[in-house]
Amino acid sequence: MEMWDAIRARRNVRRYTDQPIAREDLERICEAGRRSPSAGNWQPWNFVVVTDRAELIELAKVWERGGRHVASSAATIALVAKEPEDARQRDWLMLDIGQATAIMMLAAAGLGIGSGHSAVTDQQQAQRVLMIGLGYPADRTLRPLARPNRRPFDEVVHWDHW
């Protein structure tokens with residue numbers, strides 16, 4: 001899929017088919033995250049790829065409401081980082097993890113793989129994790145959305161002033 005089509009096709013997918021994801025595709029998604037921008041080239045992240053069903057079911061428990069899809073995903077990538085003590089570095093960490101997440105989700109869409117991200121609320125069970133559940137969409141294939149549910153372009157993009 002061309003990048004522009006991947007951007008227009010990407011949506012949160014939380015229902016997946018049983019089709020496994022090839023390791024090559026998982027590696028490509030991780031490589032996209034590894035290459036994502038990082039404040040001062042800090043690169044604070046580690047990516048943990050989980051494909052074992054029992055582990056996915058356990059991982060889904062870190063956020064009951066927003067992470068249930070992880071249990072049925074073909075794979076989930078946990079983005080893990082040590083939380084800095086410095087407030088400014090914590091802000092950088094959130095920016096870096098967010099950018100890596102977005103780029104990985106776009107890379108997945110470009111491969112026709114759906115993704116749905118989740119944050120973690122149970123810090124005892126998983127320390128500082130943002131997860132991306134991956135799988136082939138069960139309801140409809142990824143394709144550019146003609147009418148995405150987004151604010152109009154002219155309300156979001158401003159030229160020369162705001």
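Looking at (1) open to solvent by less than 80 Å² (accessible area, probe 1.4 Å); (2) modelled with pLDDT under 90; (3) not in a strand (DSSP E or B), can you tell me which one residue 49 breaks?
The single condition residue 49 does not satisfy is (3).
Just name the residue that is farthest from residue 115 (Cα to Cα) out of those in region 33-46 that are open to solvent by 20 Å² or more (accessible area, probe 1.4 Å) and assigned to a helix (DSSP H, G or I).
Among those residues, the one meeting the criterion is 40.
Being more than 14 Å from residue 45 (Cβ to Cβ), at pLDDT 85 or above and in a helix (DSSP H, G or I), is that true of even one residue in region 129-142?
No: region 129-142 contains no residue that is more than 14 Å from residue 45 (Cβ to Cβ), at pLDDT 85 or above and in a helix (DSSP H, G or I).
Can you tell which of 66, 112 is in contact with a Phe, Trp or Tyr (Cβ under 9 Å, 6 or more places away or on another chain), under 20 Å from residue 13 (Cα atoms) and assigned to a loop (DSSP other than H, G, I, E, B)?
Details: 66 fails: in contact with a Phe, Trp or Tyr (Cβ under 9 Å, 6 or more places away or on another chain).
Exactly one of 66, 112 is in contact with a Phe, Trp or Tyr (Cβ under 9 Å, 6 or more places away or on another chain), under 20 Å from residue 13 (Cα atoms) and assigned to a loop (DSSP other than H, G, I, E, B), namely 112.
Since residue 27 meets every condition but one in (1) in contact with a helix residue (DSSP H, G or I) (Cβ under 7 Å, 6 or more places away or on another chain); (2) in a helix (DSSP H, G or I); (3) over 16 Å from residue 81 (Cβ atoms), which condition does it not meet?
For residue 27, the failing item is (1).
Which residue is surrounded by the most Cβ atoms within 10 Å (Cβ to Cβ), if the candidates are limited to region 1-24 and must be of a type outside the set (Gly, Ala, Ser) and assigned to a helix (DSSP H, G or I)?
Going through region 1-24, the residues of a type outside the set (Gly, Ala, Ser) turn out to be 1-5, 7-8, 10-21, 23-24.
Then drop every residue that is not assigned to a helix (DSSP H, G or I), which leaves 3-5, 7-8, 23-24.
Details: 3: 11, 4: 9, 5: 14, 7: 13, 8: 17, 23: 11, 24: 9.
Checking each candidate, the answer is 8.
Here is a check on your reading of the model: is residue 63 farther than 15 Å from residue 115 by Cα, of a type outside the set (S, T, N, Q) and surrounded by 17 or more Cβ atoms within 10 Å (Cβ to Cβ)? Walk me through how you get there before you give the answer.
On the way: farther than 15 Å from residue 115 by Cα: yes; of a type outside the set (S, T, N, Q): yes; surrounded by 17 or more Cβ atoms within 10 Å (Cβ to Cβ): yes.
So residue 63 fits the description; yes.
For residue 101, which of the numbered conditions (1) touching a Pro at 6+ places or on another chain (Cβ under 7 Å); (2) touching a residue at least 24 places away in the same chain (Cβ under 8 Å) fails to hold?
Tallying (1) touching a Pro at 6+ places or on another chain (Cβ under 7 Å); (2) touching a residue at least 24 places away in the same chain (Cβ under 8 Å), residue 101 fails exactly one: (1).
Looking for something assigned to a helix (DSSP H, G or I) and exposed (fewer than 14 other Cβ atoms within 10 Å of the Cβ) - is there at least one such residue anywhere in region 69-88? Break it down into steps so the answer makes sense when it comes.
Looking only at region 69-88, we keep the residues that are assigned to a helix (DSSP H, G or I), and these are 69-72, 87-88.
Still in the list and also exposed (fewer than 14 other Cβ atoms within 10 Å of the Cβ): 87-88.
Yes: one or more hits.
The values are calculated or read from the model by the stated rules, or taken from the named source; none is laboratory data. None of the values given here were measured: they were computed from a predicted structure. Counting neighbours? That spans all protein chains shown, and the Cβs are built from the backbone with ideal geometry, glycine included. Side chains are part of the model used for accessible areas, which takes the heavy atoms of the whole protein and leaves out ligands, DNA and RNA. Shrake-Rupley method; radii C 1.70, N 1.55, O 1.52, S 1.80 Å.
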